[in-house]
1. Keeping the other protein chains in place, figure out the carbon and sulfur percent of the accessible area of the chain, with a 1.4 Å probe.
2. Using a/c under 1.5 as the rounded threshold, could you call the stretch 44-134 rounded, prolate or oblate? The axes a ≥ b ≥ c are square roots of the C-alpha gyration tensor eigenvalues, and prolate needs a/b larger than b/c, oblate otherwise.
3. How much space per residue, in cubic angstrom, does the convex hull of the C-alpha atoms of the chain take up?
4. Treat each spin label as a single point 7 Å out from the Cα along the C-beta direction, and report the Ala180 to Leu228 distance in nm.
5. Provide the FRET efficiency to the nearest 0.05 for the Lys85-Lys163 pair, computing r from the beta carbons and using R0 = 41 Å.
6. As a test of the formula, what do you get for the chain when each DSSP H run with n ≥ 4 contributes -39,500 (n - 2.57) and the sum is divided by the residue count, at 222 nm and rounded to the nearest 500 deg cm²/dmol?
7. When ligands, DNA and RNA are left out and all protein chains stay put, how many square angstrom of accessible area per residue does the chain have with a 1.4 Å probe?
8. For a protection proxy built on the mean count of beta-carbon atoms within 10 angstrom, sort 64-72, 143-151 highest first, please.
Amino acid sequence: MEKITSTSNAKVQEIKKLLNSKKDRYLLQKFVAEGVNIVKDIPNKYIDSLFMTEETFEKYKNITDKCSNIYLVANKIIEGISDTKSPSGVVAVCNMPVCDDINDNKCIVLDNLSDPGNAGTIIRTAVACGITTIYCYGECVDLYSPKVVRSSMGGIFFVNVKKLQSKNDLNLDLFVLDMAGENLYAMQNIPKNFALLVGNESRGVSKEMREGADRIISLPMSKNMESLNAGVSLSIALYHLVNNWYKTRF
């Protein structure tokens, strides 16, 4: 165990790069996760190193068993490598995960999704539904950015994140969520395998994905509400689509 007292320490500077730079995250194939509850749930094999205050180290001994590379740092350092206003005292540097339980017969597509909170919600829902592959199309928010990792509540460690170049790369029926689509609950003959797509929060679905859709679907709503949050919409639709599979999967 090593103590770090200087904010100019090389390891501290690396964490700052991982926090602030998508390019560095993918170059190093690492990202940052913080918070006691999230770190507790990270599979040990994905933790590269832990940075903890002495207080946190003494209080949460169970976390210290997750990794052999532990660094005790001053409060000022934790504050500098934290993305939250009230740091919990533990920051993990993690290797980008590769999920072992691959299920490419069902997946989610994020079409230029930009909000970290929506992305985190979608990741959590995907994991809850047994979906292990999430494709990012266009200019999506980075799913390994601190805000997405935090809002996914550890779900990011149980999905494979892939870049989608074209709809043709899916080889699955593409269901696109859109307010002008057919009623999801009136759909017949729902295929067992599919890709469910949600578009950008303000611009909606991209032209290529709309034109490549096998079905455009929508959630029925009362006249007093036009639309739902992207994360909520996808979550409702996904649970409906996997309902029969869900009963036999778990």
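The values are calculated or read from the model by the stated rules, or taken from the named source; none is laboratory data. Everything numeric here is computed off the predicted structure, so don't read it as measured data. All Cβ positions, glycine included, derive from the backbone under ideal geometry; neighbour counts span all protein chains shown. SASA here: full protein model, heavy atoms, side chains in, ligands and nucleic acids out. Shrake-Rupley method; radii C 1.70, N 1.55, O 1.52, S 1.80 Å.
1. Here it works out to 46 percent.
2. Prolate, because a/c is 1.5 or more and a/b exceeds b/c.
3. 140
4. The two pseudo-label positions are separated by 2.2 nm.
5. For Lys85 and Lys163, the calculated efficiency is 0.80.
6. After summing the helix terms and dividing by the residues of the chain, the value is -8500 deg cm²/dmol.
7. That works out to 50 Å² per residue.
8. Highest to lowest by the protection proxy: 143-151, 64-72.
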